[in-house]
Amino acid sequence: MKTILVLNGPNLNLLGRRQPEIYGHETLADVEAACRAACAEGFDIRQAQSNHEGEIVELIHGARDTACGIVINAGAYTHTSVAILDALNAFDGPVIEVHISNVHRREGFRHHSYISARADGVIAGLGIEGYAAATRRICTLVGA
Ligand code: DQA
């Protein structure tokens, strides 16, 4: 069984309760279910969430030996974290960056992403459906 790491950054533990007019009413449990349903045969997901930059770096390090690809929504660290970019650059498999909201329709500071310099694909504004699409894409890129 190949494992895809679905990694969520700061404040996403509050998904469903945090600014639902922007992020919707679905929760991280819904994200996990949607990603699992989107997996091709032979793939499974492991979901993780952290509010701490260093812990996200370490989760990515752990994925080097345990995951075939990463779906990442780094939350606000998307726009600030060279450390997360460097960690992703040390990961060999495909990486898909996800944002629930359309960051390009929001404040200017959300328009730049450090993660995009590494990501094989970027999805924004599809709500939690973006995670499922990202999971499917990783299955395609990794193959059977
Ligand atoms: C987000 C967009 C980021 O700008 C924001 O800081 C988040 C969530 C999204 O999923 O739309 O926390 O990554």
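Read the figures in this text as sums done on the coordinates, not as results from a lab. These figures come from a predicted structure and were not determined experimentally. We place every Cβ from the backbone using ideal geometry, glycine too, and count neighbours over all the protein chains shown.
Computed 3J(HN,Hα) for the range 60-76, one whole-Hz value per residue from the Karplus formula 6.51 cos²θ - 1.76 cosθ + 1.60 where θ = phi - 60°, is 5, 4, x, 5, 4, 9, 10, 10, 8, x, 10, 9, 10, 10, 7, x, 5, glycine and proline marked x.
Can you give the net charge of the other residues whose Cβ lies under 14 Å from the Cβ of I60, counting K and R as +1 and D and E as -1?
Details: positive: R46, R64, R118; negative: E53, E55, E58, D65, D86, D92, E97.
Residues near I60 contribute -4 overall.
Under a Gaussian network description of the chain, with springs only between Cα atoms under 10 Å, the residue in E129, E55, E21 that fluctuates furthest is E21.
Only helices enter the 222 nm calculation for the chain: every DSSP H run of n ≥ 4 contributes -39,500 (n - 2.57), and dividing by all residues gives -10500 deg cm²/dmol, rounded to 500. The stretch between N11 and A144 holds 44.5 nm of extra length on full extension. This uses 0.36 nm per residue minus the Cα-Cα distance.
Between I123 and E97, V98, H99, the built amide H atoms are under 5 Å apart, and every one of these is 5 or more places off in sequence or on another chain.
Our note on the geometry: Cα centres of the range 1-54 and the range 80-105, 14 Å apart.
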